[in-house]
Amino acid sequence: MDATSINALCEQRGWSRARLIHELRRVASVRRESLPSDESLLRMVREWANGRRGLSTFYAELLTDVFGVRFGTGKVEHNGSPDDKPTPAAEQADELKRRLDAATTIDDSLVALFEAQTQSLRLLDRQLGAANLLAQTEAHVEQMSALLRYSLPGAQRTVLAAAVAEAAALAGWQALDLGDPAAAWQHHETAKAAARESGSAAILAHVTAQQAFALLDLDQPHDARAVVLHAEEAARGQLPPLLSSWLSAARAEAAAACGDDWQARQALDQAAHLLPDDAADPELPFLVLDEVHLLRWQGHCLARLGSADAIDQLSDALRDLDSSFTRAAAGLHCDIALAHAVRGDLALATSQAQEASRLAAQTGSVRQRRRIKSFLSREPDPGH
């Protein structure tokens, strides 16, 4: 496809030039790329459409993502009769065949490679943070999603859908860590759609409940709790103990954010009861929950409830936490700071907040930095 087909493609979709500009910006945003002003883009589109200007590799790739058909680079040379030129519909049909052919390469080994790549991104995310990884994760999700869209029904499509769901949920969590709940929400919508197609109740429950954390960051804790409850109810009786424990802990955090002390503590007790002795489940690679991480979660909930008792649990969790969980350590220091502040130990609270700030800067966690900034900006309680 060449750039002179832009007008025909827009007409087929009922798009105005303004809509095309919007779509270009959307795709560029996903790729973490910036674009010139709308006026400049409109001028470029006009020149592309009338053949006066050729496409660079960058804009050819953007237009390929926008329209779903491959665009070539360079300026169009008009040789021969216009009738010799393939119509947009014919070019789209050829592109569809190419994508369908590409999707036939999906097999168990390819899906295993995709899942291994997702796991590598998870491990890097825990230690380095999302700032330098989100673009990679989004590209990984898009690569798999493109194959999924053109794969035929069958077992391979099902397992690929599960892989897409897990990776999209990771992208959503990374977007949340970077302070972008809107992007996090959209990634989780992608994850839920893929999870439904995979037929996995466990994956759907996980990505649905994880989406609730975007609501917590938007200060909508009651809605967040409702989402977690829905995820639990929809999959009741179909989940392994480890995931049931994780869901109970997520419900506890939402209850704590609502200020519901009794419900939060009850959910934490359920999470502890359900946690299996062997917390490593190869069927749930997206979950990291053992006694240490549950202790961290318990301390976080108690700190949100204003309980000074949280310090002991948080300190124990920090002592035993694997050193690769840098972002988690930042969260622990922030929670310990909050718990010290409740006790009136402002010097200790400030020291912990400063360490949390150092670790959050190391991982680029906007989410944690906001929590820390909010804490450090508070005035000391005159009663202490």
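Annotations
- In summary, Leu289 fulfils each of the numbered conditions (1) touching a helix residue (DSSP H, G or I) at 6+ places or on another chain (Cβ under 6 Å); (2) part of a helix (DSSP H, G or I) with the single exception of condition (2).
- Exactly one residue out of Leu152, Leu147, Leu96 is over 23 Å from the mean Cα position of the chain (by Cα), more than 30 Å from Val366 (Cβ to Cβ), surrounded by 13 or more Cβ atoms within 10 Å (Cβ to Cβ) and in contact (Cβ under 8 Å) with a residue 12 or more places away in the chain: that is Leu96.
- Set Ser374, Ser324: member being outside any helix (DSSP H, G or I), of a type outside the set (A, V, I, L, M, F, W, C), surrounded by fewer than 23 Cβ atoms within 10 Å (Cβ to Cβ) and not assigned by TED's automatic domain parsing to the domain that holds Ala130: Ser324
Yes/no per residue for (1) hydrophobic (A, V, I, L, M, F, W, C); (2) in contact with a helix residue (DSSP H, G or I) (Cβ under 7 Å, 6 or more places away or on another chain):
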{"site": "Gln210", "(1), (2)": "no, yes"}
{"site": "Phe213", "(1), (2)": "yes, yes"}
{"site": "Ala249", "(1), (2)": "yes, yes"}
{"site": "Ala256", "(1), (2)": "yes, yes"}
{"site": "Asp260", "(1), (2)": "no, no"}
{"site": "Gln270", "(1), (2)": "no, yes"}
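- Filter pass, Ala168 being at pLDDT 95 or above and buried (at least 22 other Cβ atoms within 10 Å of the Cβ): yes
- When the residues of segment 350-371 are filtered to those that are crowded, with 21+ Cβ neighbours inside 10 Å, of a type in the set (A, V, I, L, M, F, W, C) and in contact (Cβ under 8 Å) with a residue 24 or more places away in the chain, the one that is nearest to Asp309 (Cα to Cα) is Ala356.
The values are calculated or read from the model by the stated rules, or taken from the named source; none is laboratory data. Everything numeric in this text was worked out from a predicted model, so none of it was measured. Positions of Cβ are backbone-derived with ideal geometry, glycine not excepted, and every protein chain shown enters the neighbour counts.
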